[in-house]
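Accompanying notes for the structure given below.
Each value in this text was obtained by applying a stated rule to the coordinates, not by laboratory testing. The structure presented is a predicted model; accordingly, all values stated were derived computationally and were not measured. Cβ sites come from the backbone with ideal geometry, for glycine too, and all protein chains shown count toward neighbours.
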Amino acid sequence: MSEPVCLTLIAARTLREELFDYLSEQRDLVSGFTATDGAGHGPTVQLQSTAEQVKGHADEVQVRTILQRQDAARLLARLKTAFAGTRLVYWITPVVEFGVVEDHEDETEN
């Protein structure tokens with residue numbers, strides 16, 4: 001039985017377009033993803049630019065995609081090769097329910 005999960009990736013914002021392009025090429029595993037900008041804080045976060053040092057946080061991008069557990073493992077294996085050394089952070093969480101709310105015709109007439 002397949003188990004849906006949410007794979008979350010955190011990357012330096014400088015990797016944004018490269019990561020988006022890469023994920024878009026993985027059509028056999030990724031049907032789509034959502035991305036938001038973020039601000040990384042904490043002792044292990046590396047502030048790479050003078051601007052980040054002044055602001056006190058790292059400019060990051062967070063990407064989330066819903067896929068089957070086995071596909072998440074396959075995608076992570078690919079990412080670990082393609083983005084080796086980039087300090088790409090990830091985690092996987094179970095998805096209890098996933099769907100899309102569609103428009104529909106109201107069957108009752110007023």
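Annotation: amide H-H contacts under 5 Å for residue 95 (H modelled 1.01 Å from N, sequence separation of 5 or more, or interchain): 5, 6.
The local environment of residue 71, defined by Cβ-Cβ distances under 14 Å, has a net charge of +2 under the rule Lys, Arg +1 and Asp, Glu -1.
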